[in-house]
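To start, the structure itself, in structure tokens.
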Amino acid sequence: MIVNGVLYVDGRRASTAPASLEELRDGASQGFVWLGLKSPAEDELRRVAEVFEMHELAFEDVIHANQRAKVEDYGDDEFVIVKTLHYEESSSQIETGDLAVYLRSEEHT
């Protein structure tokens with residue numbers, strides 16, 4: 001599920017929210033795009049990957065969860081996976097997860 005899609009221009013959140021993934025992608029030429037997803041379905045993630053031209057190997061890593069922590073260099077793009085930990089005090093359990101970040105340099109846009 002897409003939980004947030006924001007365009008930042010000159011370090012500030014744009015006054016109007018992008019209406020579509022394409023509009024958000026097109027805004028990247030003006031500033032910084034943040035697209036937050038939480039446990040997306042594969043078809044939703046595939047759509048995001050297509051619109052933002054995500055490298056196919058990075059897409060495969062995201063689809064197959066529980067990857068090792070790593071940094072991948074794809075020329076103008078960087079893909080980072082870090083492990084997350086959450087301590088649940090009431091049960092003394094530690095929950096783990098993955099945070100995947102896909103970065104594209106402005107030269108690509």
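The values are calculated or read from the model by the stated rules, or taken from the named source; none is laboratory data. If you're wondering where the values come from, they're calculated on a predicted model, not measured in any experiment. Reconstructed Cβ throughout: ideal geometry from the backbone, glycine too, with neighbour counts over all protein chains shown. We work out accessible area using only protein heavy atoms, side chains counted, and drop any ligands, DNA or RNA first. Shrake-Rupley method; radii C 1.70, N 1.55, O 1.52, S 1.80 Å.
Of the residues contained in the stretch 42-55, one or more are found to be more than 21 Å from N4 (Cβ to Cβ) and out of contact with any Lys or Arg (no Cβ under 8 Å at 6 or more places or on another chain).
All told, Y74 meets the bar of being over 21 Å from M1 (Cβ atoms) and among the aromatic types (F, W, Y). Taking the conditions exactly as written (farther than 27 Å from A28 by Cβ and modelled with pLDDT of 90 or more), does K70 satisfy them or not? No. Pairs meeting the criteria (first residue in the stretch 90-105 and of a type in the set (D, E, K, R), second residue in a loop (DSSP other than H, G, I, E, B) and loosely packed, with under 11 Cβ neighbours inside 10 Å, beta carbons under 8 Å, at least 6 apart or on different chains) are D98/N66. Only residues that are open to solvent by less than 80 Å² (accessible area, probe 1.4 Å) and of a type outside the set (S, T, N, Q) were counted across the stretch 9-28, and they come to 9.
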